[in-house]
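Working notes for the structure below.
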Amino acid sequence: MKHMLIMRTTAEALEASKEMDFEEIINAMGAYNESLIKAGVMAGGDGLAPEAGYLVTFSADEPPLVTDGPYGEVHELFNGFWILETATAEEAVEWAKRCPLGPGNTLEVRRITDESDFADFADNEYVQKEAGWREQLGTN
Amino acid sequence: MSLDVQRAVEAVWRIEGPRIVASLAKMTGDLGQAEDVAQEALAEALVSWPAHGVPVNTGAWLTATAKRRAIDAWRRRERLDERHRLLAHELAESGEDAWEPIDDDLLRLVFTACHPALSRESQVALTLRIVGGLTTTEIARMLLVPVATVQARITRAKKTLAAARVPFETPDPSEWRERLTGVLGVVYLIFTEGYAATTGARWMRPDLADEALRLGRVLSGLLPREPEPHALVALMEFQRSRFAAREDAAGDPVLLADQDRSRWDRAQIARGRAALRRADAAASGRARGSYALQAAIAEHHSVAAHIDDTDWEGIVVLYEALGRLTPSPVVELNRAVAVSMATGPATALRIVDEIASSGTLSGSPLLPGVRGELLARLGRRDEARAEFIRAAEGTANEAQRRVLEGKAAALG
């Protein structure tokens, strides 16, 4: 089963990390990623750039509203993720606990859905197409 | 935390267990005892952690506890000999700060678990237990055998290692190649049992295949300069990528030609191709080994959008190379299948009949299965039906038998 570890930080944690030696952070994170690869559980992951992006908000009557963001409204910044392939959810949680993150940061562990989650809709045209899309996108 | 403590401890064990056992075995030189005391530490964690909280460094806690158990065991002996007195002293002195995962120790663990003194089934059980970090219950579920059987195999394996005085070491350069082949064989055996189960109601056992893949990835990480571990990972990634398409809604097998290729896991195929490139790079010009050749064959299938787009000529050439490297009737049979696609069923049938006359595959359902296929394509329906019935009688897997019986019935 696959899980996504969703990394979030706060403005304070981000400030605190600026006082740390960046190379030290790279080394600690690199060693962590290496241990995931060597344990055979790493299925993917990436970091998100720290600069603010855009926020698209949906409502009932108006067209989607685009604002600068998401910093203005959201106090937690989503700044990276891993995808782990493990035998159990507990194992993904154990790996999350080993991530070298400082105080204020969080990791959310979420199961990634697979075909079995849509078994009740197996006849749906788009559920069937999904497999083909995954093929084109290489995102399975 | 809502997670069950036992499952949480098992997860810790899965991540840390192999390194704990490896570092203990390195210190004591006794893999069996290392595993025993590590088990005791695990049992202690189940009691201690819920009561006193989970320690910050679970690996160090388990290692220190296991060390104490080892020292206790030696002290209980009536006459503590000098060697054990020294070891006990060293262990006690090394304290909690010694927790340093070392790849070399893990490698020793792998080679010892797959030592040729052990039977194949002991190698499989011990590898899943101490390299895979699985509980005996999990292993029993994966292998479809009673828990007591797994326990017996592991106990026997430890006794054999002790009786044969197998050192906790990586092999000598002189026997390196052979021993590495043995290790890869154990991993691939675990995979194939998940890929095409020889027993049981289900045709595939994905959890077992995934476990083998994980072991393969660990091994290729430990031996990055060896081509064949990368190649084995590539082969397993390619084969695993087809699982969703290899089974129909009723759980019956779907053959390669009939599979919905859009259901193949493209990301897994991409990982397989990357692993095969790593294998070829590590070989740096030397001839491909048997796993690299098999992976290259699997890659041909993986990149063909349709069965008719398959480069069958290329596959025939790879099977010829594989047959020269590791002559086997099964490779010959697969070559015959590729020849039937590249050239035609008549040429292929001649190869199959040669295998049949050699008698090497008698009793296996493979030969009559392929022969039936070729005869059917040649329009020799009665002979084909007889072969499919023979193949169905020869298989112990229920799903496979249903398919073969269906083929026989279709030739009615």
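Starting from the Cα gyration tensor of segment B:236-347, take the square roots of the eigenvalues, sort them a ≥ b ≥ c, and report rounded, prolate or oblate (rounded when a/c is under 1.5, otherwise prolate if a/b is larger than b/c, else oblate). Could you put the intermediate results ahead of the total?
Values: a/c = 1.91, a/b = 1.15, b/c = 1.66.
Here segment B:236-347 falls in the oblate category.
Can you give me the orientation-averaged projected area of the convex hull built on the Cα atoms of the protein assembly as shown, in nm²? Don't skip to the end; give the middle numbers.
Working: hull surface 128.2 nm².
Average projection, Cα convex hull of the protein assembly as shown: 32.0 nm².
Report the FRET efficiency, 1/(1 + (r/R0)^6), for A:Ile26 and B:Asp308, where r is their Cβ-Cβ distance and R0 is 56 Å, rounded to 0.05. Could you put the intermediate results ahead of the total?
Working: r = 49 Å, r/R0 = 0.88.
The pair A:Ile26/B:Asp308 has a calculated efficiency of 0.70.
I'd like the FRET efficiency for B:Val254 and A:Phe118, computed as 1/(1 + (r/R0)^6) with the beta carbon distance as r and R0 of 35 Å, rounded to 0.05. Don't skip to the end; give the middle numbers.
Details: r = 20 Å, r/R0 = 0.57.
The value I calculate is 0.95.
Using Cα atoms only, what is the angle between the long axis of helix B:290-303 and the major principal axis of chain B, expressed in degrees (0 to 90) to the nearest 10?
60
What lysines could a cross-link reach from B:Lys26, if we take a straight Cα to Cα line under 28 Å and drop same-chain neighbours fewer than 8 places away?
Answer for B:Lys26, where 28 Å is the Cα cut-off: A:Lys38, A:Lys97, B:Lys67, B:Lys158, B:Lys159, listed by chain and number.
What length, rounded to one decimal in nm, is gained on full extension from B:Gln6 through to B:Arg225, with 0.36 nm per residue of separation minus their alpha-carbon distance?
Values: separation 219, 0.36 × 219 = 78.84 nm, distance 3.80 nm.
My answer for the length gained is 75.0 nm.
Take peptide A:90-96, look around each residue's Cβ out to 10 angstrom, count Cβ atoms belonging to other protein chains, and average those counts. Don't jump to the answer; show the numbers that get you there.
On the way: counts 12, 9, 1, 5, 11, 2, 0.
The shielding value for this peptide is 6.
How crowded by other chains is B:375-382, given as the mean number of beta carbons from other chains within 10 Å of each beta carbon? Display every interim value, and only then the final one.
On the way: counts 0, 0, 0, 0, 0, 0, 0, 0.
Taking all residues of B:375-382 together, the mean is 0.
Please state the charge dipole magnitude for chain B, taken about the Cα centre, from unit charges on C-beta atoms (+1 on K and R, -1 on D and E), reported in debye and rounded to the nearest 20.
Working: 53 positive and 56 negative charges, 73 e Å.
For this selection, approximately 360 debye.
With a ≥ b ≥ c taken as the square roots of the eigenvalues of the C-alpha gyration tensor of segment A:2-113, please select rounded if a/c is under 1.5 and otherwise prolate if a/b is larger than b/c or oblate if it is not? Intermediate results must be reported in sequence, preceding the final value.
On the way: a/c = 2.55, a/b = 1.39, b/c = 1.83.
Judged from the Cα gyration tensor, segment A:2-113 comes out oblate (a/c at least 1.5, b/c at or above a/b).
Under Stokes-Einstein, with the Kirkwood radius over Cα pairs standing in for Rh, what whole-number D in µm²/s applies to segment B:355-412 at 20 °C and 1.002 mPa s?
193
If we sort A:76-83, B:332-339 on the protection proxy, mean other Cβ atoms within 10 Å, highest first, what's the order?
Ranking the peptides A:76-83, B:332-339 by packing returns B:332-339, A:76-83.
Over segment A:2-113, what is the mean sequence separation of C-alpha contacts under 8 Å (at least six apart), divided by residue count, expressed as relative contact order in percent?
On the way: 154 pairs, mean separation 58.6, N = 112.
Taking the mean separation of contacting Cα pairs over the length of segment A:2-113, I get 52 percent.
For chain B, what's the relative contact order in percent, using C-alpha pairs closer than 8 Å and at least 6 residues apart?
Numbers: 562 pairs, mean separation 43.9, N = 412.
For chain B, the relative contact order is 11 percent.
Evaluate peptide B:264-272: per residue, the Cβ atoms of other protein chains within 10 Å of its Cβ; return the mean as an integer. Each step should come with its number before you reach the end.
Working: counts 4, 6, 8, 9, 3, 3, 2, 2, 0.
Rounded to a whole number, the mean comes out at 4.
For chain B, what are the per-bin percents of Cα-Cα distances with bins 20 Å wide, up to the bin holding the maximum?
23, 51, 22, 4
If you fit an axis through the alpha-carbon atoms of helix B:206-222 and take the longest principal axis of the Cα set of chain B, what angle between them do you get, 0 to 90°, nearest 10?
60
Can you bin segment B:97-252 into rounded, prolate or oblate? Criterion: square roots of the alpha carbon gyration tensor eigenvalues sorted a ≥ b ≥ c, rounded for a/c under 1.5, prolate for a/b above b/c, oblate for the rest. Write out the running numbers ahead of the final one.
Working: a/c = 1.98, a/b = 1.37, b/c = 1.45.
Note, shape of segment B:97-252 comes out oblate.
Can you compute 3J(HN,Hα) from phi for each residue in segment B:307-314, using the Karplus curve 6.51 cos²θ - 1.76 cosθ + 1.60 with θ = phi - 60°, rounded to whole Hz and x for Gly and Pro?
Result, ordered by residue: 4, 6, 7, 5, 7, 5, 4, x Hz.
What net charge do the residues around B:Phe168 carry, taking every other residue with its C-beta under 9 Å from that of B:Phe168, with Lys and Arg at +1 and Asp and Glu at -1? Mind showing how you got there, number by number?
Values: positive: B:Lys26, B:Arg108; negative: B:Asp30, B:Asp105, B:Glu169.
Net local charge, B:Phe168 excluded: -1.
Sorted by average packing, counted as other Cβ atoms within 10 angstrom per residue and highest first, what order do B:234-240, A:51-57 take?
Numbers: B:234-240: 27.7, A:51-57: 11.0.
Result, highest mean first: B:234-240, A:51-57.
Once both axes come from the Cα atoms, what is the angle between helix B:266-283 and the longest principal axis of chain B, in degrees from 0 to 90, rounded to 10?
80
With springs only between Cα atoms under 10 Å, which of A:Val66, A:Val109, A:Val93 fluctuates most in a Gaussian network model of chain A?
The residue with the greatest mean-square fluctuation here is A:Val66.
When chain B is treated as a GNM, springs tying every alpha-carbon pair under 10 Å, which of B:Gly272, B:Gly32, B:Gly216 comes out with the largest mean-square fluctuation?
B:Gly32
For chain B, what does the helix formula give at 222 nm: sum of -39500 (n - 2.57) over DSSP H segments with n ≥ 4, over the residue count, nearest 500 deg cm²/dmol? Don't jump to the answer; show the numbers that get you there.
On the way: 19 runs with 285 residues, N = 412.
Theoretical 222 nm ellipticity from helices: -22500 deg cm²/dmol.
Highest mean first, what order results for A:28-38, B:140-150 on Cβ atoms within 10 Å?
Numbers: A:28-38: 14.7, B:140-150: 16.6.
Packing proxy ranking, top to bottom: B:140-150, A:28-38.
Each residue of segment B:156-169 in turn: what ³J(HN,Hα) in whole Hz from Karplus with 6.51, -1.76, 1.60 and θ = phi - 60°, glycine and Pro shown as x?
Values, residue by residue: 4, 4, 5, 5, 4, 4, 5, 5, 7, 6, 6, x, 7, 9 Hz.
I'd like to know which of B:Leu222, A:Met4, B:Ala113 lies farthest towards the positive end of the charge dipole of the protein assembly as shown, counting +1 on Cβ of Lys and Arg and -1 on Cβ of Asp and Glu.
B:Ala113
Which of B:Glu193, B:Glu178, B:Glu226 moves the most in a Gaussian network model of chain B with Cα springs under 10 Å?
Evaluated over chain B, the most mobile residue of the options is B:Glu178.
Report, in debye and to the nearest 20, how large the dipole of the protein assembly as shown comes out about its Cα centre when Lys and Arg carry +1 and Asp and Glu carry -1 on their Cβ. Write down the numbers at each step before the final one.
On the way: 63 positive and 83 negative charges, 501 e Å.
With Lys and Arg at +1 and Asp and Glu at -1, about 2400 debye.
Just so you know, all these numbers are worked out from the coordinates, no wet-lab data involved. Just so it is clear, the model here is predicted, and its values are computed rather than measured. Glycine gets a Cβ as well: all are built from the backbone with ideal geometry, and neighbour counts include every protein chain shown.
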